[in-house]
Amino acid sequence: MQTIDAFCHKLASYLPHTQVQQVRRAYYYSEQAHDGQTRRSGEPYVTHPLAVAGILAEQKLDHHSLIAALLHDVIEDTGISKNALAEQFGETVADLVDGVSKLTQIEFTSKAEAQAENFQKMAMAMTKDIRVILVKLADRLHNMRTLGVLKPEKRRRIARETLEIYAPIANRLGMNSLRMEFQNLGFHAMYPMRAARIAAAVRAARGHRKEVVNKIEENIK
């Protein structure tokens, strides 16, 4: 589990010290706001927004995006308002967090498969700042990476939603590696036995290929 100190150390490689300190302050704000809340795994809830921010940091996103990632569930899950966030971290961050919260609310009315395309159109249309979508995609990616603690039925529901909604959005934005991870994780959650067989077949094929390469290498020598 990543710590805030380790995270800030990574940020220092591309962000100025003052911005890194703002990100650190947002972490402690989020930690206090989510005090007493835990994830299904039993971990403190703040580990989730920190992981989401970590995903965005891998893409070298700006400090406003990282702060919004750390605070993305504050409006939705705590009593803290958008105005309170604006006072603490500025209008830009408050707008980003509010935008993510609104996307989450739309998600609640978009479970049916027939609504997936409509959700994509609404999400793109309503988002004035593309960073809102990026935070939401990172949020969903971390949730997909930690699906194992959920019951099978809920895992399949979230996986189907990811395949129908989030993978296509990532594809539209040209984020191919993210799309592929969504699809791989979604397939494993939807069809675990098929995924296991495919993985075994891939391992076998790679092993055979290695033997062939070794034989060619020996012959060349």
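For the reader, a short list of remarks on this structure follows.
- Flag if Val23 is open to solvent by less than 50 Å² (accessible area, probe 1.4 Å), closer than 21 Å to Ile158 by Cα and in a helix (DSSP H, G or I): no
- Residue satisfying all of: in segment 26-71; open to solvent by 10 Å² or more (accessible area, probe 1.4 Å), of a type in the set (Ser, Thr, Tyr) and in a helix (DSSP H, G or I); farthest from Ser101 (Cα to Cα) among these: Tyr28
- When Lys128 is tested against the conditions (1) closer than 23 Å to Leu66 by Cβ; (2) in a helix (DSSP H, G or I), the lone failure is (2).
- Of the residues in segment 189-208, at least one is modelled with pLDDT of 90 or more, under 17 Å from the mean Cα position of the chain (by Cα), at negative phi and surrounded by 16 or more Cβ atoms within 10 Å (Cβ to Cβ).
- Taking first residues from segment 189-211 that are under 26 Å from Val149 (Cα atoms) and touching a residue at least 12 places away in the same chain (Cβ under 8 Å) and partners that are open to solvent by less than 70 Å² (accessible area, probe 1.4 Å) and not basic (Lys, Arg), the Cβ contacts under 6 Å between residues at least 6 apart in sequence or on separate chains come to Ala189/Leu147; Ala189/Ala159; Met190/Ala159.
- Among the residues of segment 10-20, the one identified as hydroxyl-bearing (Ser, Thr, Tyr), free of Cβ contacts under 8 Å to residues at least 40 places away in the same chain and either outside any helix (DSSP H, G or I) or open to solvent by less than 70 Å² (accessible area, probe 1.4 Å) (or both) is Ser13.
- Checking Leu85 against (1) open to solvent by 10 Å² or more (accessible area, probe 1.4 Å); (2) without any contact (Cβ under 8 Å) to a residue 24 or more places away in the chain, the condition it does not meet: (1)
The values are calculated or read from the model by the stated rules, or taken from the named source; none is laboratory data. Predicted, not measured: the structure shown is a model, and the values here were computed from it. All Cβ positions, even for glycine, are placed from backbone atoms using ideal geometry, and neighbour counts span all protein chains on display. Just so you know, the surface numbers come from the protein's heavy atoms only, side chains and all, with ligands and any DNA or RNA stripped out. Shrake-Rupley method; radii C 1.70, N 1.55, O 1.52, S 1.80 Å.
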